[in-house]
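Engineer: One structure, pasted below without further comment.
The values are calculated or read from the model by the stated rules, or taken from the named source; none is laboratory data. Small disclaimer: the values here were computed from a predicted structure and weren't measured. Backbone-built Cβ (ideal geometry, glycine too); neighbour counts: all protein chains shown.
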Amino acid sequence: MKGNAVTSVFEGIKPPTVLQVVPALETGGAERTAVDIARALVEAGAKALVASRGGRMVAELEAAGATHIELAVHSKNPVVMALNVERLTRLAAKHGADIIHARSRAPAWSALAAARRLHLPFVTTYHNKVHESPRLKVFYNSVMTRGAVVIANSHFTAERIRKVHGEDRARIVTVPRGIDMARFNPARIGPERVKAMRLSWRVAEDDTVFLLPARLTRWKGQTVALEALAKLKNMSDAPFRLVLVGDAQGRDAYEAELATMISRLGLQDHARLAGHCEAMEEAYAAADFVIAPSLEAEPFGRTPVEAQAMGRPPIVADHGGARETVITAEEDAPTGWRVPPGDDVALAGAMLEALLLDPQSRAEMAARGKAHVAAHFSLTAMAAATLKIYAGLMRQKPE
């Protein structure tokens with residue numbers, strides 16, 4: 001991530017101490033970005049603090065040189081949220097925070113109050129869906145528009161904020177999610193690691209693997225993918241498998257429903273529920289194509305971007321941030337496919353097209369995808385844009 005655009009951004013000013021507030025550090029887009037920005041701050045000579053209830057990503061955060069403070073900022077209990085105002089105020093004052101950056105709604109209310117008490121710049125990143133109703137929820141979410149700067153993770157999200165909350169509510173800056181091109185680099189993954197991953201999935205060497213990486217929740221579209229797979233089985237005799245990678249996160253009934261669906265549709269030889277995966281770059285490398293059939297519009301959606309960086313063409317639902325990250329044949333030289341949300345027939349058709357790609361066409365599509373991500377969605381670009389926002393706020397602070 002190091003580079004002139006990042007390391008020189010605080011030239012002429014004091015590198016800030018930035019307190020990021022996120023509910024937890026388990027898994028997800030907000031959590032991943034919090035860790036990535038913390039690392040960029042440390043590399044730029046600044047100090048990075050993250051307050052959360054903890055999780056599996058804390059070790060990575062601390063290894064990057066950032067400080068984690070365990071705090072129940074995930075709670076939506078009004079009493080706990082009120083207590084968190086005092087806790088965050090003391091925490092920010094103790095560590096000499098210059099900026100407070102909230103990445104989720106519940107902790108944002110406490111963080112906003114703490115920032116106002118200390119007269120500190122308040123920044124938000126709107127990672128989540130922008131809801132239009134009910135009115136109480138719109139008000140609750142409006143805390144994410146109350147920053148001195150509101151970062152939208154896509155143009156889609158920025159337009160939704162303007163539509164729902166009004167352009168005059170905050171200064172909105174679009175900073176697309178960035179991924180680590182060094183980590184998501186297929187050249188780093190040796191054939192033995194690919195073989196081990198495919199073995200763990202129980203897929204053969206000549207199987208074409210469609211990977212659906214997402215936590216097991218209905219809106220991520222796993223049921224649509226299974227319906228499409230059943231149709232694809234009747235359309236092609238080629239050996240192919242669908243691997244669903246992701247945590248149930250307590251949704252045991254839904255996981256059981258997916259297992260039953262696999263049996264009911266006769267997909268026992270074609271579908272795998274693989275559970276959580278720590279080494280996602282290896283999972284992408286072990287796949288041939290990646291699908292992201294979300295039923296609701298993803299504000300950004302990092303899966304299609306990571307897939308393209310790894311040279312694995314994605315098939316995505318045609319809404320939300322995916323319209324900005326995946327190029328189709330109708331627009332230009334394609335990097336993947338977009339299909340109507342919830343349309344299992346269209347999804348099966350796109351999967352069939354993928355199966356029928358000749359090796360050269362597939363290699364060309366993969367190369368275009370990698371170049372597209374490198375040009376528009378790199379971690380370096382996201383870090384540089386975010387740190388530039390912090391630097392701007394530091395320059396505006398009174399002496």
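Engineer: How many residues does the stretch 169-199 hold that are surrounded by 16 or more Cβ atoms within 10 Å (Cβ to Cβ) and closer than 14 Å to residue 279 by Cβ?
Structural biologist: 6
Engineer: Please go through the stretch 75-91 and give me each residue that is buried (at least 19 other Cβ atoms within 10 Å of the Cβ) and either over 17 Å from residue 17 (Cβ atoms) or in contact (Cβ under 8 Å) with a residue 40 or more places away in the chain (or both), ordered by number.
Structural biologist: Result: 84, 88, 91.
Engineer: Taking residue 353 as the residue in question, decide whether it is over 25 Å from residue 285 (Cα atoms) and without any contact (Cβ under 8 Å) to a residue 60 or more places away in the chain.
Structural biologist: no
Engineer: Identify all residues within the stretch 286-314 that are in a strand (DSSP E or B) and touching a residue at least 60 places away in the same chain (Cβ under 8 Å); write none if there are none.
Structural biologist: Within the stretch 286-314, 289, 290, 291, 292 meet the criteria.
Engineer: While we're on this one: When only residues in the stretch 84-106 that are of a type in the set (Val, Ile, Thr) and part of a helix (DSSP H, G or I) count, which is nearest to residue 137 (Cα to Cα)?
Structural biologist: Selected residue: 85.
Engineer: Looking at the structure I just gave you, is residue 201 in contact with a Ser or Thr (Cβ under 7 Å, 6 or more places away or on another chain) and in contact (Cβ under 8 Å) with a residue 40 or more places away in the chain?
Structural biologist: Answer is no for this residue.
Engineer: Would you be able to tell me the number of residues in the stretch 317-373 that are assigned to a loop (DSSP other than H, G, I, E, B), of a type in the set (D, E, K, R) and touching a Ser or Thr at 6+ places or on another chain (Cβ under 6 Å)?
Structural biologist: Residues that pass the stated criteria total 0.
Engineer: Tally the residues that are buried (at least 17 other Cβ atoms within 10 Å of the Cβ), within 18 Å of the chain's Cα centre (by Cα), in a helix (DSSP H, G or I) and not aliphatic (A, V, I, L, M), restricting the search to the stretch 139-159.
Structural biologist: 2
Engineer: For residue 146, only one of the following conditions fails: (1) within 24 Å of residue 33 (Cα to Cα); (2) out of contact with any strand residue (DSSP E or B) (no Cβ under 9 Å at 6 or more places or on another chain). What is its number?
Structural biologist: (2)
Engineer: Turning to a different aspect of this structure: Six or more apart or on different chains, Cβ under 8 Å: which pairs go from a residue in the stretch 34-60 that's over 15 Å from residue 386 (Cβ atoms) to one that's among the basic types (Lys, Arg) and assigned to a helix (DSSP H, G or I)? Could you list them?
Structural biologist: Every condition considered, the pairs that remain are 57/32.
Engineer: Which condition does residue 366 not pass, out of (1) more than 23 Å from residue 184 (Cβ to Cβ); (2) free of Cβ contacts under 8 Å to residues at least 60 places away in the same chain; (3) crowded, with 17+ Cβ neighbours inside 10 Å, if it passes all the others?
Structural biologist: That leaves (1) as the condition not met.
Engineer: Would you confirm whether any residue within the stretch 218-233 is at pLDDT below 95, surrounded by 15 or more Cβ atoms within 10 Å (Cβ to Cβ) and out of contact with any strand residue (DSSP E or B) (no Cβ under 6 Å at 6 or more places or on another chain)?
Structural biologist: Checking the stretch 218-233: not a single residue is at pLDDT below 95, surrounded by 15 or more Cβ atoms within 10 Å (Cβ to Cβ) and out of contact with any strand residue (DSSP E or B) (no Cβ under 6 Å at 6 or more places or on another chain).
Engineer: How about the stretch 19-63: which of its residues are surrounded by 18 or more Cβ atoms within 10 Å (Cβ to Cβ), at negative phi and of a type in the set (Gly, Ala, Ser)?
Structural biologist: Correct list: 24, 29, 30, 34, 38, 40, 44, 46, 48, 51, 52.
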